[in-house]
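A single structure is presented below for examination.
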Amino acid sequence: MKIPYEYAIIQAVPRVERGEVINVGVLLYSQRAGFLAARTHLDPERLRALDPDADVPAIAAALASWEKTCSGAGAAAEMKPGERFRWLVAPRSTILRAGPVHMGLAADPAAELERLEGLLVR
C-alpha cells in the first residue's frame, strides 16, 4: 500500500545575489509513516563552478546539520517531525535553502528518499 509523503530539494545558493542553485539534498516527510529524513550530497566542483571562493567545508557542515535536524538533534529535539519539516522548508535567504514542497505516494518512504536523491541530486 502506498502512503503520501512530501519532499523538497535542498539547494545550495553560494551567491544569493545571482540566484544560481545546485541541488545538494532531499528532505522527505511522511506523516502517516512517522518518517522524516534528509539525504545530502555536496559536489565541491559543481559548487565552485558557481562560486570559486565558496567555503566548501563550512557549507558541508551546514548541510550535515539538516540531516541532524531531521533526526531531532540539537534545537529540534523538542519538535515533532512535521514541525521540523516545516521549519526546514520555510523560506530563507541563506546559502542553503529548500525548494518548493512536492507530494508523492510510496510504499517505503526510506527507499523513495534514496530514489529521489539519486534522481535529483547525484
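The values are calculated or read from the model by the stated rules, or taken from the named source; none is laboratory data. Please read these numbers as outputs of a predicted model, since none were measured by experiment. For neighbour counting, all protein chains shown are included, and Cβ atoms are generated from backbone atoms with ideal geometry for every residue, glycine included.
Being among the hydrophobic types (A, V, I, L, M, F, W, C) and closer than 14 Å to Ser71 by Cα is the filter here; which residues of the stretch 27-51 pass it?
Residues of the stretch 27-51 that are among the hydrophobic types (A, V, I, L, M, F, W, C), as a first pass: 27-28, 33, 35-38, 42, 47, 49-50.
Within the stretch 27-51, Leu27, Leu28, Phe35, Leu36, Ala37, Ala38 qualify.
So is Trp87 closer than 17 Å to Ala8 by Cβ and over 11 Å from the mean Cα position of the chain (by Cα) or not?
Yes, satisfied.
I'd like to check something: does the stretch 75-82 contain any residue that is outside any helix (DSSP H, G or I) and under 12 Å from the mean Cα position of the chain (by Cα)?
no
Report yes if some residue within the stretch 87-102 is assigned to a helix (DSSP H, G or I), out of contact with any strand residue (DSSP E or B) (no Cβ under 7 Å at 6 or more places or on another chain) and not β-branched (Val, Ile, Thr); otherwise report no.
yes
How many residues does the stretch 31-63 contain that are closer than 20 Å to Phe85 by Cα, under 13 Å from the mean Cα position of the chain (by Cα), in a loop (DSSP other than H, G, I, E, B) and of a type in the set (A, V, I, L, M)?
Count: 0.
Next question. Leu28 - would you say it is within 21 Å of Arg122 (Cα to Cα), outside any strand (DSSP E or B) and at pLDDT 95 or above?
Criteria not met by Leu28.
Residue by residue, here is whether (1) in contact with a Phe, Trp or Tyr (Cβ under 7 Å, 6 or more places away or on another chain); (2) of a type outside the set (Val, Ile, Thr); (3) under 18 Å from Ala64 (Cα atoms) holds:
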site	(1), (2), (3)
Trp87	no, yes, yes
Arg92	no, yes, yes
Arg97	no, yes, yes
Pro100	no, yes, no
Gly104	yes, yes, no
Asp108	no, yes, no
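Collect the residues in the stretch 1-20 that are under 16 Å from Gly99 (Cβ atoms) and surrounded by 14 or more Cβ atoms within 10 Å (Cβ to Cβ), keeping them in residue-number order.
Within the stretch 1-20, Tyr5, Glu6, Tyr7, Ala8, Ile9, Ile10, Gln11, Ala12, Val13, Pro14, Glu20 meet the criteria.
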